[in-house]
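Asks: Take a look at the following structure, please.
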DNA sequence: GTCTATATGTGGATAGAC
DNA sequence: GTCTATCCACATATAGAC
């Protein structure tokens, strides 16, 4: 019988995703995660042997999350609407993004910097890769074969830059204005 | 007689700027900085009472650095050339930026997240503010009064996003391609 | 599976001799 | 001004009783 166990494990994983997003990887303590999950601090190591295993769990969870977003945006008719739906999804999270930054970008930027955490960073950057591939596919459908990749990278750059500025100034406006600008660009493509 | 003192202090400040850029604020130890500066670890606290004081010193140093860059770019004849000179300066640092990310963006993103370090993050974001103001002034000279601010933000977003992608994938190419794209945009304005 | 107690290691910071 | 020794707080992780 591990019913309760699975429940606690997923509660810990969800809590880790939130707390690490809010505080960054390095500054979140295992006890922070336990507290957020409502799990006794002593029990944590039964589910996650190391702090790093929390990191991979969180990144895998983010990967799934963005996969689902892309899949949902893919339901729109036509590549323009699909791309703009994705941009809109990011804009809709602008308040949260201004508060804590982009969870993927934050992890990439924090974890790339040190040898002990590069593998985590690499795993996180795969989320970017998947988004870029998806965007590129949509742009190819639009007949932008020649510079589909660079355009895809442009879209992600603007979104990530806007998230960073919004976070730095604690102001969601940047995501609003740059997102709109981006949507206009896509429509005129 | 504080000749040697001033020397050591500035060596520590320079070392801090480099090491914090490379490892991030949280993961750099005071001893890392001392070692890099070639200063005995015990002497450090004579010059910098706390780790936070290293943070402010580094940010002030970055602020001066970017001020100087903007001033130099400002020597170009005409706002288009001035903006593109600044973009070029960023592109010229693409290898370093891919290795360790943008020092300003990295600090903003890392330090915003926790109450103990928000003041440092705020100070760091002032560097962004200065760049945005400078860009906006150039764009106004170009007659873009109506959306000069949003265009300025767009330029910084693309550069920061490109730096983040370059860092995440450890590949300076993103700064190259997005920088070029941005320069073309400015010329066609 | 859960919780208490604790080991272990580390990093920021201080006291004080020189 | 410089360096040694050390304090202290804290965070990851383990051992082991229940």
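Laboratory data are not the source of any read-out in this text; all were calculated from the coordinates shown. Keep in mind that what you see is a predicted model, and the values were worked out from it rather than measured. A quick note on method: Cβ atoms are made from the backbone with ideal geometry, for glycine too, and the neighbour counts reach across all protein chains shown.
Asks: Would you list B:110, A:22 from fewest to most Cβ contacts within 10 Å?
Replies: On the way: B:110 28, A:22 19.
If I rank by nearby Cβ atoms, fewest first, I get A:22, B:110.
Asks: What number do you get for the protein assembly as shown when its Cα radius of gyration is normalised by 2.2 N^0.38 Å, N = residues? Mind showing how you got there, number by number?
Replies: Values: Rg = 21.7 Å, N = 378, 2.2 N^0.38 = 21.0 Å.
This ratio for the protein assembly as shown stands at 1.03.
Asks: Same structure, new question: What percent do you get for the relative contact order of chain B when only Cα pairs under 8 Å and 6+ apart count?
Replies: Details: 186 pairs, mean separation 41.7, N = 189.
Answer for chain B is 22 percent.
Asks: Please compute, over every Cα-Cα pair in the stretch B:134-189, the percentage with a separation greater than 18 angstrom.
Replies: Details: 556 of 1540 pairs.
Percentage above 18 Å: 36.
Asks: Residues in the stretch A:155-181, backbone N under 11 Å from the label point at residue B:129 (7 Å along the Cα-to-beta-carbon vector): list them, ranges by number please.
Replies: Output list for this probe position: A:169.
Asks: For a quick check, take a GNM of chain A with Cα springs below 10 Å and name the residue from A:61, A:43, A:53 with the largest mean-square fluctuation.
Replies: The residue that fluctuates most here is A:43.
Asks: Then there is this: Between residue A:71 and residue B:52, how many nm apart are label points set 7 Å from Cα along the C-beta direction?
Replies: 4.7 nm
Asks: Please compute the Cα-Cα pair-distance distribution of the stretch B:74-168 with 10 Å bins starting at 0, giving whole percents from short to long.
Replies: Spelled out per bin, shortest first, that is 16, 41, 33, 10, 1.
Asks: Running a GNM on chain A with Cα contacts under 10 Å, which residue among A:46, A:66, A:25 ends up with the highest mean-square fluctuation?
Replies: A:46
Asks: Computed over the Cα atoms of chain B, what is the convex hull's projected area averaged over all directions, in nm²? Each step should come with its number before you reach the end.
Replies: Numbers: hull surface 47.6 nm².
Dividing the Cα hull surface by four gives the mean projection, 11.9 nm².
Asks: When chain B is treated as a GNM, springs tying every alpha-carbon pair under 10 Å, which of B:54, B:128, B:169 comes out with the largest mean-square fluctuation?
Replies: Per the Cα network of chain B with a 10 Å cutoff, B:169 tops the list.
Asks: What number, in nm² with one decimal, is the all-direction average of the projected area of the convex hull of the alpha-carbon atoms of the stretch A:94-133?
Replies: Details: hull surface 12.1 nm².
Spelled out: convex hull of the Cα atoms, projected over all directions, averaged, 3.0 nm².
Asks: What Kirkwood hydrodynamic radius, in Å, does the stretch A:72-120 give when the mean of 1/r is taken over all pairs of distinct Cα atoms and then inverted? Walk me through the numbers on the way to the answer.
Replies: Details: mean 1/r = 0.0783 Å⁻¹.
Over the stretch A:72-120, the inverse of the mean reciprocal pair distance is 12.8 Å.
Asks: Using the Kirkwood radius over Cα pairs, work out the Stokes-Einstein diffusion coefficient for the stretch A:1-49 at 37 °C and 0.692 mPa s, in µm²/s as a whole number.
Replies: Details: Rh = 10.7 Å.
Translational diffusion coefficient: 307 µm²/s.
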